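The values are calculated or read from the model by the stated rules, or taken from the named source; none is laboratory data. Bear in mind that the values here come from a model prediction, so they are computed numbers and not experimental data. Cβ atoms come from the backbone with ideal geometry, glycine included; neighbour counts cover every protein chain shown.
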Amino acid sequence: MPRWMMSLHDVQLAVGVVIVNIEMLALTSARGKLGSAVLRAILENNLIDSSELVVCTSSDPKHPRFDALREKSITVRYNNFDDPASLEQAFTGCDRLFLVSSPRISMDFNDAPLWKGREAHHRAAIDAARKVGVKHIYYTSLGFANPSKAAVMRAHIRTEAYLRELKDLNWTIIREGLYNESWPLYFGYYYGLKEETRKEVIVAGDGPISWTAIADMAFGTAKVLSSPPSEWAGKTFYLSQNKTWTLHDIAQIVSRVRGDEVQLEIVTQDEYERYYAEEKGRERAEVEWWSTTYNAVLQGECNIVDTTLENMLREAGRRPKPLEETIKDMLQ
């Protein structure tokens, strides 16, 4: 029997009279930005044996794109947030689950009521995991406060609350920092890169943001996943560097890199929504959902003071990647 087939069951390796239990870890969204980076960090740093990993995907798990994973003895399984049976099948035999939040943001639009936003996907995964005996769930929340003024945080807050109510498994809530790589989203709602010509960028507020490179937070997340589960059970923490940059700072960095001045204009929330919905043609519900992010930024919600990630990087002889480097890489 191929070694990867053993992960379909609770695996026990008998060596003489000694029984060694192999704990399997399921990872969702392993082809997304954060999920793929976490998987890469695990493998590149040899943090978890590849035969103990189950990669869950909404794509066809038999597709050749997954051959490289199978060659490493990684199990690949199908899962779909809208199909509870597929979630149960994907998580069967796994002791722990790394649950990356659902990317279907449209579920959150129009002030989605409880269990109608993305938290419905998260609950489906959590309940499926409970049903098949998963013992510990690591959930990727977001680097805002709780409670938060940002609508983007609402589904995360609801999911965090649901996890805290559970008594039949352990949980860890990882509030992942705001990606360095996501600066164009905050800077004028998808500021273009090489093709951008705007000299003035409109936002609905500014404040300090602890930007963090995906590779850095992925390393920290991988370290958490590879640690004894008891070390992080019942904990909520941020994985973010503590240095901050404002959107005004970004305007100055972009200006230097492009060699052409780009200015930031701050307007009211109503003006912001009208500009991007009516003049830029963005979906009104999406713009209204996103515009509240600036209220949170204004209140300092994204000014993170948690040294967890920086300590991990320091111990590994690494430093957080500065936002300036990411902006330069993306623009050039």
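Here are the numbers for the structure shown:
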read-out	value
Candidate set: segment 263-290, residues that are under 28 Å from the mean Cα position of the chain (by Cα) and charged (D, E, K, R); chosen: the one farthest from residue 153 (Cα to Cα)	280
Criterion (assigned to a strand (DSSP E or B) and charged (D, E, K, R)) met by exactly one of 164, 175	175
Test: residue in segment 215-227 that is without any contact (Cβ under 8 Å) to a residue 40 or more places away in the chain and either of a type in the set (Gly, Ala, Ser) or farther than 18 Å from residue 312 by Cα (or both)	yes
Every pair of residues 6+ apart whose Cβ atoms lie under 8 Å, when the first sits in segment 263-276 and is at pLDDT 95 or above while the second is of a type in the set (S, T, N, Q) and outside any helix (DSSP H, G or I)	269/292
Enumeration of residues in segment 117-149 that are among the basic types (Lys, Arg) and surrounded by 19 or more Cβ atoms within 10 Å (Cβ to Cβ)	118
Hey, residue 261 outside any helix (DSSP H, G or I) and surrounded by 19 or more Cβ atoms within 10 Å (Cβ to Cβ) or not	no
Criterion: buried (at least 16 other Cβ atoms within 10 Å of the Cβ), hydrophobic (A, V, I, L, M, F, W, C) and touching a Ser or Thr at 6+ places or on another chain (Cβ under 7 Å) - qualifying residue of 211, 245, 232	232
Set 167, 223, 199: member being within 22 Å of the chain's Cα centre (by Cα) and charged (D, E, K, R)	223
Residues within segment 196-239 that are part of a strand (DSSP E or B) and in contact with a Gly (Cβ under 8 Å, 6 or more places away or on another chain), tallied	6
Residue 133 vs. criteria under 30 Å from residue 261 (Cβ atoms) and either basic (Lys, Arg) or in a loop (DSSP other than H, G, I, E, B) (or both)	no
Residues (assigned to a loop (DSSP other than H, G, I, E, B), of a type in the set (D, E, K, R) and over 20 Å from the mean Cα position of the chain (by Cα)) located in segment 291-332	318, 319
Filter result (more than 19 Å from residue 323 (Cα to Cα) and crowded, with 21+ Cβ neighbours inside 10 Å) within segment 176-202	none
Which numbered condition residue 88 misses (of (1) modelled with pLDDT of 95 or more; (2) part of a strand (DSSP E or B); (3) not aliphatic (A, V, I, L, M))	(2)
When residues of segment 47-64 are limited to those that are touching a residue at least 24 places away in the same chain (Cβ under 8 Å) and outside any loop (DSSP other than H, G, I, E, B), the one surrounded by the most Cβ atoms within 10 Å (Cβ to Cβ)	56
Test result for residue 256, part of a helix (DSSP H, G or I), at pLDDT 95 or above, over 30 Å from residue 137 (Cα atoms) and charged (D, E, K, R)	yes
Enumeration of residues in segment 284-302 that are surrounded by fewer than 16 Cβ atoms within 10 Å (Cβ to Cβ) and either of a type in the set (S, T, N, Q) or without any contact (Cβ under 8 Å) to a residue 12 or more places away in the chain (or both)	284
Residue 152 being surrounded by fewer than 22 Cβ atoms within 10 Å (Cβ to Cβ), in contact (Cβ under 8 Å) with a residue 12 or more places away in the chain and touching a strand residue (DSSP E or B) at 6+ places or on another chain (Cβ under 8 Å)	yes
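Quick grid of which residues meet (1) assigned to a helix (DSSP H, G or I); (2) within 14 Å of residue 226 (Cα to Cα); (3) at pLDDT 95 or above:
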position: 7; (1), (2), (3): yes, no, no
position: 14; (1), (2), (3): no, no, no
position: 20; (1), (2), (3): no, no, no
position: 41; (1), (2), (3): yes, yes, yes
position: 68; (1), (2), (3): yes, no, yes
